[in-house]
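First the structure, in the form of structure tokens, and then the observations on it.
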Amino acid sequence: MVGRVLLWAILGLLAWWLLRPNRKVAAPPRGPAASAATVAAPEAMVDCAACGLHFPASEAVRDGARLYCCAAHRDAGPRRGA
Ligand SMILES: [Zn+2]
């Protein structure tokens with residue numbers, strides 16, 4: 001009697017263990033959170049040499065070593081006194 005209960009308990013554990021990996025694949029707990037963190041991670045920010053605006057480096061308009069927020073500010077040149 002006890003042996004039969006143990007057998008069913010082992011079979012139940014086995015079934016649970018076999019089904020568990022499928023659930024992990026269906027709903028990865030860290031996948032979305034990790035990608036969200038990657039998206040939320042801020043990229044390098046730089047200051048416009050003309051107006052001082054803080055903006056992402058990927059949007060920078062370059063003029064030698066100086067960075068500007070837009071082509072108009074690049075044409076205007078660096079801020080006076082800076
Ligand atoms: Zn600017």
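Residue by residue, the range 70-75 carries 3J(HN,Hα) couplings of 7, 5, 4, 6, 5, 5 Hz when phi is fed to the Karplus relation 6.51 cos²θ - 1.76 cosθ + 1.60 (θ = phi - 60°); x denotes Gly or Pro. Amide H contacts for Val46 (H built 1.01 Å from N in the peptide plane; partners 5 or more residues away or on another chain; cut-off under 5 Å): Phe55, Ala57. Here the spin labels are modelled as points 7 Å beyond Cα on the Cα-Cβ line, and at Leu7 and Asp63 they lie 8.6 nm apart. Around the amide H of Leu67, modelled in the peptide plane, lie the amide H atoms of Ala49, all under 5 Å away and 5 or more residues distant in sequence or on another chain. With K and R counted +1 and D and E -1, the other residues having a Cβ less than 13 Å from that of Arg74 yield a net charge of 0.
Spatial offset of the range 48-76 relative to the range 1-20 amounts to 67 Å, using the alpha carbon center of each.
Where does each of 58-64, 46-52 land if you order them by average Cβ count within 10 Å, highest first? Working shown, then result.
Details: 58-64: 12.9, 46-52: 18.0.
With the highest mean Cβ count within 10 Å placed first, the list reads 46-52, 58-64.
Just so you know, all these numbers are worked out from the coordinates, no wet-lab data involved. On a predicted model such as this, the values are computed, not experimentally measured, just so you know. Using ideal geometry, Cβ is built from the backbone for each residue, glycine included, and neighbour counts are taken over all protein chains shown.
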